[in-house]
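The values are calculated or read from the model by the stated rules, or taken from the named source; none is laboratory data. Only a predicted model underlies this, so the values are computations on that prediction, with no experimental measurement involved. For neighbour counting, all protein chains shown are included, and Cβ atoms are generated from backbone atoms with ideal geometry for every residue, glycine included.
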Amino acid sequence: MKIYTGTGDNGTTGLLGGDRAIKSSARLHTCGSLDELNAALGVVMSALSGPSALQNQIGEIQRLLFTIGADIATPHRSSVQIVRIGQRETKKLEQWIDALSAELPKLRNFILPGGSTCGALLHLARTVCRRTERWIVALNAQEPVSENIIPFMNRLSDYLFIAARFANKEACREETSVIIPKPPADSQT
């Protein structure tokens, strides 16, 4: 089987169900951002050493991102039947967030993204997740997306933040706090 078809040489790509979309559309930006997020999580997986809770969780998230990608690549008007995520996937993220948070010191300030290699990569994945969420919201403004996708993506970025903190704790890397300076009382803003 050849990897290239040439059908996208005109600037469009095929969607599930047979429709075609311009490659600069919100739908394709969303699909591309989901792919980039999944690839970023693949890099995180390569940085994790040995079996761990994070490795199992991130592996599951990667599979869910494929489910979301198929959903986004299938216009609602399509008759193609696909699997969609539900509320239970968002609830699972919340459980993971709560479990990891219980192991972390209370956050009192903003922190710089970084720390261990794995922690820094998780912070980077978090920013890709936020961009992906923005593209999903933009697409949803044009045509509806499945109702559980936006809450899931919002919670996923929270999970990635906590996972980055957890990875740094596991690697014994301290977080660097940032205190936002307040303007002097006599300044005009």
## Note on the structure
Just one listed residue, out of Ile180, Ile150, is within 11 Å of the chain's Cα centre (by Cα) and of a type in the set (A, V, I, L, M, F, W, C), and it is Ile150
### Residue among Asp35, Asp98 that is of a type outside the set (Lys, Arg), under 13 Å from the mean Cα position of the chain (by Cα) and closer than 16 Å to Ser157 by Cα
Asp35
### Message
Would you confirm whether or not the range 94-108 contains a residue that is of a type in the set (Val, Ile, Thr) and free of Cβ contacts under 8 Å to residues at least 12 places away in the same chain?
### Response
no
### Query
Taking the condition of a type outside the set (A, V, I, L, M, F, W, C), at pLDDT below 95, more than 24 Å from Ser177 (Cα to Cα) and not in a helix (DSSP H, G or I), does Thr74 pass?
yes
### Query
Could you list, in sequence order, the residues of the range 87-111 that are surrounded by 11 or more Cβ atoms within 10 Å (Cβ to Cβ), of a type in the set (A, V, I, L, M, F, W, C) and assigned to a loop (DSSP other than H, G, I, E, B)?
Leu104, Leu107
### Residue in the range 46-64 that is surrounded by fewer than 15 Cβ atoms within 10 Å (Cβ to Cβ), within 20 Å of Trp96 (Cβ to Cβ), within 14 Å of the chain's Cα centre (by Cα) and not acidic (Asp, Glu) present
yes
### Message
Can you find a residue that is among the charged types (D, E, K, R), crowded, with 17+ Cβ neighbours inside 10 Å and at pLDDT 95 or above anywhere in the range 149-157?
### Response
yes
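Being touching a residue at least 60 places away in the same chain (Cβ under 8 Å), on the phi < 0 side of the Ramachandran plot and buried (at least 20 other Cβ atoms within 10 Å of the Cβ) is the filter here, so list the residues in the range 112-127 that pass it.
Of everything in the range 112-127, those that are touching a residue at least 60 places away in the same chain (Cβ under 8 Å), on the phi < 0 side of the Ramachandran plot and buried (at least 20 other Cβ atoms within 10 Å of the Cβ) turn out to be Cys118, Leu121, Leu122, Ala125.
Restricting to the range 83-134, count the residues that are of a type in the set (D, E, K, R), under 22 Å from Cys31 (Cβ atoms) and modelled with pLDDT under 95.
Final tally of qualifying residues: 1.
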### Query
Looking at the range 101-135, which of the residues that are more than 21 Å from Val43 (Cα to Cα) and aliphatic (A, V, I, L, M) is nearest to the chain's Cα centre (by Cα)?
Ile111
### Task
Enumerate the pairs (first residue in the range 28-46 and over 13 Å from Leu64 (Cα atoms); second residue anywhere and part of a helix (DSSP H, G or I) and among the basic types (Lys, Arg)) with beta-carbon separation below 8 Å, excluding pairs fewer than 6 apart on the same chain, so at least 6 apart or on different chains.
Ser33/Arg131
